[in-house]
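Beneath this line is the structure, given in structure tokens, with notes to follow.
The values are calculated or read from the model by the stated rules, or taken from the named source; none is laboratory data. This is a predicted model, so every value here is computed, not measured. All Cβ positions, glycine included, derive from the backbone under ideal geometry; neighbour counts span all protein chains shown. SASA here: full protein model, heavy atoms, side chains in, ligands and nucleic acids out. Shrake-Rupley method; radii C 1.70, N 1.55, O 1.52, S 1.80 Å.
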Amino acid sequence: MPSEDFGRAKIAIVHLKNKGFEMPQVAGYRRPAPGTHPENAFPLYASSLKRAPSKPLVYMPHTLSEITGPTFGKESVHAKSFDLTHQHSGDPLGERIIVSGRVLDEDGKSVPNTLVEIWQANAAGRYLHSRDQHHAPLDPNFTGCGHTLTDAEGRYRFITIRPGEYPWRNHYNAWRPAHIHFSVFGPAFATRLVTQMYFPGDPLLPFDPIFNSTADEHARQRLISLFDWATTIPEHALGYSFDIVLNGREATPMEN
Ligand SMILES: [Fe+2]
């Protein structure tokens, strides 16, 4: 059976003799190990019960289109969209921070030129979104969205504001820890990861059902950024590093 590399996935070409044409048989990406991603239904996270499948999942093999695209070029991103502190005429309120890291695949290799998107609340814990009715001020100088491409070594970097904690009505006195939402495409649809980055030492983490919906302790720890002295800019901003691993045993847990 001949095979060839196509992107990062290996594809075997098989002949379907009875149909008379060639059809690629796809060796898909590895599936996550049990416990390393959030449970679909996690009773302490109330809304997960409404959207979780009620029947056993059906195994669907990855198809060619899922493992080979989409790809994003430099024309897909605005060069300054990595800096969420310079999207308006004035400076946003709050503590400036640098968030940077690498996107890696399941074998620890860097994933270059891949789209990384973030969205977050402002320093007061309020999203610029019609459904966010938290009684906290909006910031006219902060939209809370950014995106960038990783470089040739899989590195990304954002300049932003440390997001505020905010209440949600999951249970009595429920507060989300400070977090930044991430979407990372990787080389294909099958590797797209949507997750949340947390901050080290946050006292709300033990009380947060979303953070704790990932059963595996080591996997949960991969959601917490590290304070990063090396990327801290004197008299300007503290640095945090957050590496993201797509699929495989060391994968960053995916938000369900
Ligand atoms: Fe959020």
With a 1.4 Å probe and all protein chains in place, put Met197, Met60 in order of accessible area, largest first. Met60, Met197
Let me have the 222 nm mean residue ellipticity of the chain computed from DSSP H runs of 4+ only, each contributing -39500 (n - 2.57), with the sum over all residues rounded to the nearest 500. -1500 deg cm²/dmol
Among rounded, prolate and oblate, which fits segment 62-138 when a ≥ b ≥ c are the square roots of the eigenvalues of its C-alpha gyration tensor, a/c under 1.5 means rounded, and a/b larger than b/c means prolate? prolate
State the answer as a single residue: which of Tyr166, Thr114, Ile210 lies farthest towards the positive end of the charge dipole of the chain, with beta carbon charges of +1 for Lys and Arg and -1 for Asp and Glu, about the Cα centre. Ile210
Once a ≥ b ≥ c are taken as the square roots of the eigenvalues of the Cα gyration tensor of segment 195-256, is the result rounded (a/c under 1.5), prolate (a/b larger than b/c) or oblate (a/b not larger than b/c)? oblate
Equivalent-ellipsoid semi-axes (√(5λ), Cα gyration tensor) for the chain, whole Å, largest first? 35, 23, 16
For segment 166-216, rounded, prolate or oblate, judged on the Cα gyration tensor with a ≥ b ≥ c (square roots of eigenvalues), a/c < 1.5 rounded, else prolate if a/b > b/c? prolate
For Arg51 and Glu165, compute 0.36 nm times the residue count separating them, minus their Cα-Cα distance, and round to one decimal in nm. 38.6 nm
Measuring from its Cα centre, the chain shows a charge dipole (+1 at each Lys and Arg Cβ, -1 at each Asp and Glu Cβ) which, in debye to the nearest 20, is 780 debye
I want to verify a result. In a Gaussian network model of the chain, Cα cutoff 10 Å, which of these has the top mean-square fluctuation: Lys55, Lys74, Lys109? Lys55
Roll a 1.4 Å probe over the protein chains and send me the accessible area per residue for the chain in Å². 57 Å²
